[in-house]
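S.K.: Right, I'll just put the structure down here and ask away after.
The values are calculated or read from the model by the stated rules, or taken from the named source; none is laboratory data. Note that the structure is predicted; figures quoted are calculated from it, not measured. All Cβ positions, glycine included, derive from the backbone under ideal geometry; neighbour counts span all protein chains shown.
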Amino acid sequence: MGMRTLTRGEVFERYGVELTRFATSLVGPSDAQDVVSDALLSSMWTNGWENVDNQRAYLYRAITTQARMNHRASSRRRERESKTAGSVRAPDFHSGVDVWEALGHLDLLQRAIVFLTYWEDLPEASVADCLGMSERTVRRHLSRGRKKLGRLLI
């Protein structure tokens, strides 16, 4: 037997902060609220919302999907801007890699899994449930993400 379906307001009150933290780990602080808003609107205002058994996991998957769409749109925009700007580039004043910057070098799924595992302190089974995948897939992406972070941060 599933949990009681929460009202839209209850969903936001219960999960809004953690969903925004999750989105921030995927797209950064400047786009996180937009990603959460878009994901919540597209999820909660569909006809099937009342039939969703695990609303929290459904919203995590929706945010992951919205973050991917946001990333693709940003990549296309940067490519267009780069073509327009030509070869003019600002100097790179990079002074070392920090953890947030290193996370940005992971692919979106690895970033999501690393965030849920280490920042939200979720066990692999919960991460798998939130993202709608097997624990084995979570372990594989977590291992790859840790290796890449290790190379970047050392």
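S.K.: Please find, within segment 19-41, the residue that is nearest to the chain's Cα centre (by Cα) out of those that are of a type in the set (Ser, Thr, Tyr) and under 17 Å from residue 9 (Cβ atoms). Spell out how you get there, then give the answer.
M.R.: Quick first cut of segment 19-41, residues of a type in the set (Ser, Thr, Tyr) only: 20, 24-25, 30, 37.
Now restrict to residues that are under 17 Å from residue 9 (Cβ atoms): 20, 37.
Numbers: 20: 9, 37: 13 Å.
The residue in question is 20.
S.K.: Kindly state which helices (runs of 4 or more DSSP H) lie completely within segment 99-141 and contain at least 2 residues that are at pLDDT 90 or above. Reasoning before the result, please.
M.R.: Numbers: elements: 99-103, 108-114, 124-131.
Result: 108-114, 124-131.
S.K.: Residue 58 - would you say it is more than 11 Å from the chain's Cα centre (by Cα), assigned to a helix (DSSP H, G or I), over 18 Å from residue 31 (Cβ atoms) and at pLDDT 90 or above?
M.R.: Numbers: more than 11 Å from the chain's Cα centre (by Cα): yes; assigned to a helix (DSSP H, G or I): yes; over 18 Å from residue 31 (Cβ atoms): yes; at pLDDT 90 or above: yes.
So residue 58 passes the test.
S.K.: Do any residues in segment 41-53 that are in contact (Cβ under 8 Å) with a residue 24 or more places away in the chain have Cβ atoms under 6 Å from those of residues that are in a helix (DSSP H, G or I) and not aromatic (Phe, Trp, Tyr), where the two are at least six apart or on different chains, and which pairs are they?
M.R.: So the pair list comes out as 44/8.
S.K.: How many residues does segment 115-145 contain that are over 22 Å from residue 32 (Cβ atoms) and either touching a Cys at 6+ places or on another chain (Cβ under 8 Å) or surrounded by fewer than 16 Cβ atoms within 10 Å (Cβ to Cβ) (or both)?
M.R.: Residues flagged as over 22 Å from residue 32 (Cβ atoms) and either touching a Cys at 6+ places or on another chain (Cβ under 8 Å) or surrounded by fewer than 16 Cβ atoms within 10 Å (Cβ to Cβ) (or both) within segment 115-145 amount to 8.
S.K.: Looking only at segment 105-114, filter to residues that are within 14 Å of residue 67 (Cα to Cα) and touching a residue at least 12 places away in the same chain (Cβ under 8 Å); which one of those is surrounded by the fewest Cβ atoms within 10 Å (Cβ to Cβ)?
M.R.: Residues of segment 105-114 within 14 Å of residue 67 (Cα to Cα): 106-113.
When the remaining residues are screened for being touching a residue at least 12 places away in the same chain (Cβ under 8 Å), the result is 106, 108-113.
On the way: 106: 22, 108: 17, 109: 19, 110: 21, 111: 22, 112: 27, 113: 29.
This residue is 108.
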